[in-house]
1. In region 109-127, which residues are in a loop (DSSP other than H, G, I, E, B) and touching a strand residue (DSSP E or B) at 6+ places or on another chain (Cβ under 7 Å)?
2. Just the residues that are surrounded by fewer than 14 Cβ atoms within 10 Å (Cβ to Cβ) and more than 18 Å from MET128 (Cα to Cα), please, taken from region 148-171.
3. Please state which one of SER106, SER93, SER130 is part of a strand (DSSP E or B) and more than 30 Å from ASP171 (Cβ to Cβ).
4. Looking only at region 21-38, count every residue that is over 24 Å from ILE126 (Cβ atoms) and assigned to a strand (DSSP E or B) and tell me the total.
5. May I ask you to list the residues in region 83-137 that are among the hydroxyl-bearing types (Ser, Thr, Tyr) and more than 30 Å from SER66 (Cβ to Cβ)?
6. Please count how many residues of region 43-85 are outside any loop (DSSP other than H, G, I, E, B) and hydroxyl-bearing (Ser, Thr, Tyr).
7. Just need a number here: residues in region 151-171 that are out of contact with any Gly (no Cβ under 9 Å at 6 or more places or on another chain) and under 14 Å from MET139 (Cβ atoms).
8. Among the residues of region 68-103, which ones are surrounded by fewer than 17 Cβ atoms within 10 Å (Cβ to Cβ) and closer than 19 Å to PRO127 by Cβ?
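Bear in mind these aren't lab numbers, they're just calculated from the coordinates by the rules spelled out. Computed from a predicted structure; not experimentally measured. Counting neighbours? That spans all protein chains shown, and the Cβs are built from the backbone with ideal geometry, glycine included.
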Amino acid sequence: MVFAYDAVQQSWIIASGSGGGGARAGFAQQVSLSMGATFVNVLFPSALPNTSYIVNAMLVNLSDSSPQFQVVDITSQSTTGFTASWNFPLDTSNYALGYIVPQVLSQIAQVPISNGATSVTVVLPIPMASTAYVVTANMLNQTDADPQFQNILVTNKTTTGFTANWSTSLDTANYNLAYNVAGYQ
């Protein structure tokens with residue numbers, strides 16, 4: 001699970017996923033690394049349909065008593081794999097790269113809604129691969145004694161966001177739209 005703060009929407013988002021194997025699926029594997037390596041080219045068991053996938057990767061060392069602590073960066077992506085890099089050459093051959101490429105990208109967050117609004121447009125912190133994603137949303141109001149109950153309808157979707165509408169103007173600025181978007185990547 002990845003947590004990130006979206007300054008534009010002024011909210012925390014959670015992006016996560018899970019996967020197995022296959023052409024439209026994700027992968028979870030560990031790749032052995034050589035002493036002195038500063039990068040590894042990872043090849044997937046099967047190709048993905050595009051390069052809009054997420055890679056979660058880190059170094060693993062289950063043997064050394066004083067292992068190196070290094071940050072892993074993903075420096076390139078293709079439909080057949082990716083390159084992971086780190087700053088310093090590995091001091092032993094006891095390291096591996098553990099990685100997860102989830103098949104489903106899911107983003108969960110909440111955004112504030114203005115008083116009097118009948119819609120809100122949400123900009124997704126992580127663009128989706130296509131508009132074939134699912135949106136579920138509901139309103140949150142933990143302040144007002146008698147909050148409005150609104151039916152929410154998604155009226156527009158792009159790869160970078162969506163618009164949610166409801167029929168009656170909000171009576172206060174104490175509402176947030178809580179949403180979850182999920183789609184195959």
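1. Scanning region 109-127 gives THR118, LEU124, PRO125, ILE126.
2. PHE149, ASN151, LEU153, SER167, THR168, SER169
3. On the way: SER93 fails: part of a strand (DSSP E or B); SER130 fails: part of a strand (DSSP E or B).
Of the residues listed, the single one that is part of a strand (DSSP E or B) and more than 30 Å from ASP171 (Cβ to Cβ) is SER106.
4. Residues that pass the stated criteria total 3.
5. SER106, SER114, THR118, SER119, THR121, SER130, THR131, TYR133, THR136
6. So the first thing to find is which residues in region 43-85 are outside any loop (DSSP other than H, G, I, E, B), and the list is 43, 56-61, 73-78, 81-85.
Among the residues that remain, those that are also hydroxyl-bearing (Ser, Thr, Tyr) are: 75-76, 78, 83, 85.
Selection size over region 43-85: 5.
7. Going residue by residue through region 151-171, those that are out of contact with any Gly (no Cβ under 9 Å at 6 or more places or on another chain) are 151-168.
Filter again for under 14 Å from MET139 (Cβ atoms), leaving 151-154, 164-168.
Counting residues in region 151-171 that are out of contact with any Gly (no Cβ under 9 Å at 6 or more places or on another chain) and under 14 Å from MET139 (Cβ atoms) gives 9.
8. If the condition is that a residue be surrounded by fewer than 17 Cβ atoms within 10 Å (Cβ to Cβ) and closer than 19 Å to PRO127 by Cβ, then ILE74, SER76, SER78, THR79 are the ones that fit.
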